[in-house]
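Remarks on the structure that follows.
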Amino acid sequence: MENENILIMKDLDVRLFTDRGELPVIDRLSLTLKAGETLGIVGESGCGKSMLASAIMGLVAHPGKVTGGSIQFEGQELVGMKKKDLRRIRGTGISMIFQEPMTSLNPVLKVGMQTAEPLRLHLGLSRSEARQEVIRLFSEVGIPAAESRYDDYPHQLSGGMRQRVMIAMALACKPDLLLADEPTTALDATIQGQILSLITEQSRKRGMAVLFITHDLGVVARIADNVGVMYAGHLVEHAPTAELFRNPLHPYTRGLMRSAPGHAAMGMQRLPAITGSVPSLDNMPEGCPFAPRCDEALPRCFESAPVARCENG
């Protein structure tokens, strides 16, 4: 099972239908994820990373819509699947850790009750059985005094503890695929390291595939087996992590690496930066979407986009 593709996306298109017209958020994206693999998805804000996770979960909200392509999870086609069938897959098959736990957790419900809900809904546990399982999960993800924390409200917990609650909730029904949407963005470096170690440990322990969305190349280098680089809704590069860092082929990937803080940047007064910004959805350039910002652009780059490197299926 470990070498089998658990998730296959082919020519995925997601668009927003607005008064400015039909705007492409994800454009013909193809990607695979194997069982037990951790795939890092990197790129600047506005590149479509979070929308990719929403599409996999079937949570693309109005005015967005999946307009083409295929998302297959364990052989089941998710695009066009009935909502009741998707609800059965969420939690048990696919779970998600959202970016900001304070807005994802209900502020008027105890965190233990919120974590127990999928256990009762999907696994049919009684109230007392679910409580005991939640306390066990809280302990497993490193929440101290787990039994007393069951009755806490979100505002009574630190940011790191809230994120651990979100991880416990995502892991509750033993999913085969975990989507982590920038789960460490709002945390300090020490807590970030603990959360990354926790996700990696749980992935190895459970044989769970992880799609980890981040803008931090350091995080990807630490936890990912393979990396997908997104820009303006396109997958521009996809390769094993070591190979990508050793030999990045796309100018955008090289630009991200040059602008990342690290040992190579020590002593610099100013980090190199990619000029400009991600193009707006209603003003997408012809050809390669990165060409207007690219120091290496050739005339043909403004006419047609390069084929993305894909060394992982």
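The values are calculated or read from the model by the stated rules, or taken from the named source; none is laboratory data. Everything numeric in this text was worked out from a predicted model, so none of it was measured. Cβ sites come from the backbone with ideal geometry, for glycine too, and all protein chains shown count toward neighbours. For the accessible areas, the whole protein counts, side chains as well, though only heavy atoms, and no ligand, DNA or RNA atoms are used. Shrake-Rupley method; radii C 1.70, N 1.55, O 1.52, S 1.80 Å.
Of all residues in region 119-133, those that are over 12 Å from GLU147 (Cα atoms), open to solvent by less than 60 Å² (accessible area, probe 1.4 Å) and touching a helix residue (DSSP H, G or I) at 6+ places or on another chain (Cβ under 7 Å) total 3. Restricting ALA260, ALA242, ALA209 to residues that are on the phi < 0 side of the Ramachandran plot, open to solvent by 20 Å² or more (accessible area, probe 1.4 Å) and touching a residue at least 24 places away in the same chain (Cβ under 8 Å) narrows the list to ALA260. When PHE138 is tested against (1) of a type outside the set (D, E, K, R); (2) closer than 13 Å to ILE97 by Cβ; (3) open to solvent by less than 20 Å² (accessible area, probe 1.4 Å); (4) assigned to a helix (DSSP H, G or I), exactly one condition is not met: (2). So, in region 141-181, how many residues would count as being touching a residue at least 40 places away in the same chain (Cβ under 8 Å) and assigned to a loop (DSSP other than H, G, I, E, B)? Count: 12.
Just checking: which of the helices (runs of 4 or more DSSP H) contained wholly in region 70-131 hold 1 or more residues that are touching a residue at least 60 places away in the same chain (Cβ under 8 Å)?
Numbers: elements: 83-89, 101-104, 111-123.
Ranges flagged: 101-104.
This table checks each residue for (1) under 23 Å from LEU123 (Cα atoms); (2) among the aliphatic types (A, V, I, L, M); (3) crowded, with 20+ Cβ neighbours inside 10 Å.
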residue	(1), (2), (3)
ALA146	yes, yes, no
SER158	no, no, no
MET161	no, yes, yes
ARG164	yes, no, yes
ALA170	yes, yes, yes
ASP181	no, no, yes
LEU187	no, yes, no
GLN194	no, no, no
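The residue that is surrounded by the fewest Cβ atoms within 10 Å (Cβ to Cβ), among those in region 214-232 that are at pLDDT 95 or above and touching an Asp or Glu at 6+ places or on another chain (Cβ under 7 Å), is ASP225.
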